[in-house]
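Everything on this sheet refers to the single structure shown next.
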Amino acid sequence: MNAERRFVEELDDFEDDFDRWYVEVVRKAELADEAPIRGMRVVMPYGFALWENMQAQLDWRIKATGVQNAYFPLLIPRSMLEREAEHIEGFAPEVAWVTQGGSKELEEPLAIRPTSEAIICPMYARWVQSYRDLPILINQWCSVLRWENRPRAFLRTSEFLWQEGHTAHSSLDEAEERTKLMLEVYRDFVETELALPVIPGQKSESEKFAGALRTYTIEAMMGGKKWALQSGTSHNLGDHFGKVFGIEFLNAAGQREYAFNTSWGLSFRTIGAIIMVHGDERGLKLPPRVAPIQTVIVPIWRKDAERETVESAVDGVRESLRDVARVFVDRRDDKTPGWKFNEWEMKGVPLRLEIGPRDVAGNQAMVVRRDTHEKQAIPLDELATRIPQLLEEIQDNMFETAKRMLDENTERVSTYERLKERVAANAGFSRVWWCGDETCEEKVKTETKATIRCIPFDQPGGTGDCIVCGKHSDTEVIMARAY
RNA sequence: CGGGGAGUGGCGCAGCCCGGUUAGCGCGCCGCGUUCGGGACGCGGAGGUCGGAGGUUCAAAUCCUCUCUCCCCGACCA
């Protein structure tokens with residue numbers, strides 16, 4: 001047992017059993033707990049506070065592009081859900097149905113939304129008559145239900161929290177522009193606020209959203225097994241949904257046209273990404289910008305007399321930090337300081353301030369970083385300027401560390417053998433040439449379990465041989481196993 | 001939904017094969033005291049219809065049937 005391990009004796013080993021580690025961290029850091037309903041979880045206050053901070057940061061970014069928030073019904077009549085064939089085919093196996101209202105059997109079963117295109121598009125059809133009514137740019141924060149078979153806290157639960165944006169446009173170009181814009185919003189949000197480096201790109205035909213023309217995605221690499229996690233998707237729906245749901249309008253030339261739609265979503269599954277990308281053998285490590293508690297103060301004393309002076313110094317510090325950081329003072333007197341250090345590290349708090357008699361005497365506080373474990377004494381009157389700086393440094397360092405992990409575990413692979421080896425060894429992402437044929441894609445999936453995560457926007461240029469069939473290709477894709 | 005593993009005080013487990021005193025242990029919890037700068041200690045105490053239902057039996061945590069849930073692997077998915 002090494003030194004790191006001793007700090008977190010109750011936590012399953014990070015290297016040996018990453019999946020178990022994940023489950024343990026979720027519960028012990030008090031992010032979520034099991035619910036008495038299959039596949040569902042209770043998001044606990046600490047986890048929900050994290051989600052609220054994330055929501056706030058994503059919400060303003062979405063609104064800054066001209067989108068407004070609204071709310072649509074939870075239930076979708078069967079006839080509406082089934083109108084778009086590919087769409088319902090894609091979701092049918094995981095839709096839950098309401099068939100009874102009170103004691104009365106419903107004439108038409110109502111689906112609990114697995115996503116809201118089928119209830120939102122019919123509304124858009126009512127609202128649009130002219131090209132002047134377009135675009136419609138609406139987002140909603142809600143939960144959706146998909147009857148999942150293998151639940152995992154945040155990553156895959158029957159009910160999950162997300163935002164789903166739905167827009168309608170008068171041209172395909174405009175819809176395409178919006179689709180890409182929202183992916184960029186996601187990329188910026190995830191990289192800036194969550195310190196998660198991602199690879200933006202396009203989904204292959206077989207991996208795209210049910211009913212979409214094109215799906216764009218941001219893919220992140222998780223720690224542990226170095227699998228991929230789709231962390232946000234943006235779909236160009238073309239005019240399929242416009243036609244099916246009758247979103248018709250007269251253009252400037254007086255001709256009847258169908259609207260072009262987009263939809264885009266980011267769920268609390270990205271909390272799972274935060275846990276798996278940044279976490280370590282001591283537990284959770286939260287990015288300062290969204291951490292519910294950015295700085296925890298642990299007062300230390302022995303005698304009552306010491307307690308008084310320490311507490312008053314702590315009050316002063318807390319006051320001086322009021323406007324610069326989210327601070328929590330851990331005043332519990334039934335836990336020793338050492339116990340608290342471990343607990344707050346487990347909960348991923350970016351900075352810890354230790355203030356004891358020695359510090360009060362020296363007019364300073366011991367400041368400890370969660371990311372580097374670096375410990376330094378900082379004069380009390382400098383805390384208000386140093387703490388925000390340190391939080392920023394931690395945020396940057398966490399991004400850099402995650403970026404290094406992504407880069408170091410991504411390799412250009414030119415032989416199928418090597419690809420198989422890498423997937424089997426959980427070696428990370430492989431960048432390979434792909435001819436575009438679904439048979440080649442399928443073969444890799446069946447034989448190695450890796451899938452095309454995306455066709456990155458960032459293409460190397462030039463051409464090469466398809467990793468499977470050897471045919472000439474000008475497209476490089478990311479192959480990896482995914483959660 | 002297929003394969004494997006597991007459900008026993010809040011958590012982690014033992015007991016189960018081979019049915020038989022009052023179902024144990026560690027941690028946690030409550031009280032008192034001593035402690036407190038990297039998971040403190042002593043003494044006293046509380047807490048269980050052994051996941052649920054049904055069955056076999058004089059007797060079930062233990063055997064049988066059904067069922068629910070969780071974890072791992074596979075298929076599906078944000």
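The values are calculated or read from the model by the stated rules, or taken from the named source; none is laboratory data. Please read these numbers as outputs of a predicted model, since none were measured by experiment. Cβ sites come from the backbone with ideal geometry, for glycine too, and all protein chains shown count toward neighbours.
A search for C-beta distances below 7 Å between a residue of region A:145-156 that is assigned to a loop (DSSP other than H, G, I, E, B) and any residue that is more than 6 Å from RNA strand B (Cβ to nearest atom) and of a type in the set (Lys, Arg), counting only pairs 6+ apart in sequence or on different chains, returns A:Ala153/A:Arg41. Only a single item in (1) in contact with a Pro (Cβ under 9 Å, 6 or more places away or on another chain); (2) at pLDDT below 95; (3) outside any loop (DSSP other than H, G, I, E, B) is not met by A:Arg302, and it is number (3).
Would you call A:Asp407 within 16 Å of RNA strand B (Cβ to nearest atom) and either more than 18 Å from A:Met276 (Cα to Cα) or not aliphatic (A, V, I, L, M) (or both)? For A:Asp407, the condition - within 16 Å of RNA strand B (Cβ to nearest atom) and either more than 18 Å from A:Met276 (Cα to Cα) or not aliphatic (A, V, I, L, M) (or both) - is not met. Set side by side, the residues A:Leu286, A:Leu266 differ, and just one is within 30 Å of A:Glu86 (Cβ to Cβ) and either at pLDDT 95 or above or in a strand (DSSP E or B) (or both), which is A:Leu266.
Against the condition more than 23 Å from A:His87 (Cβ to Cβ) and of a type in the set (Val, Ile, Thr), how does A:Val244 come out, does it pass? When the stated conditions are applied, A:Val244 does not pass them.
Do we find that A:Ala125 is more than 30 Å from A:Ser430 (Cβ to Cβ), in a helix (DSSP H, G or I), modelled with pLDDT of 90 or more and within 16 Å of RNA strand B (Cβ to nearest atom) in this structure? So A:Ala125 does not fit the description; no.
Kindly evaluate A:Pro93 against the criterion of being over 29 Å from A:Leu172 (Cα atoms) and either in contact with a strand residue (DSSP E or B) (Cβ under 9 Å, 6 or more places away or on another chain) or near RNA strand B (Cβ under 10 Å from one of its atoms) (or both).
Values: over 29 Å from A:Leu172 (Cα atoms): yes; either in contact with a strand residue (DSSP E or B) (Cβ under 9 Å, 6 or more places away or on another chain) or near RNA strand B (Cβ under 10 Å from one of its atoms) (or both): yes.
Judged against the criteria, A:Pro93 is a match.
Scanning region A:430-469 for residues that are aliphatic (A, V, I, L, M) and within 16 Å of RNA strand B (Cβ to nearest atom) gives A:Val444, A:Ala450, A:Ile452, A:Ile455. Of the set (1) within 27 Å of A:Leu183 (Cα to Cα); (2) within 11 Å of RNA strand B (Cβ to nearest atom), all apply to A:Ala424 but (1). In region A:330-346, which residue that is in contact with a Pro (Cβ under 9 Å, 6 or more places away or on another chain) and more than 6 Å from RNA strand B (Cβ to nearest atom) is modelled with the lowest pLDDT? Filtering first and then ranking leaves A:Arg331.
Screening A:Trp227 against (1) out of contact with any Pro (no Cβ under 9 Å at 6 or more places or on another chain); (2) closer than 21 Å to A:Thr115 by Cβ; (3) within 13 Å of RNA strand B (Cβ to nearest atom) leaves a single unmet condition, (2).
For region A:49-73, a tally of residues being more than 16 Å from RNA strand B (Cβ to nearest atom) and either touching a Ser or Thr at 6+ places or on another chain (Cβ under 9 Å) or not small (Gly, Ala, Ser) (or both) returns 15. When every residue of region A:277-294 is checked against the conditions, none turns out to be in contact (Cβ under 8 Å) with a residue 40 or more places away in the chain, within 20 Å of A:Val185 (Cα to Cα), within 16 Å of RNA strand B (Cβ to nearest atom) and of a type outside the set (Val, Ile, Thr).
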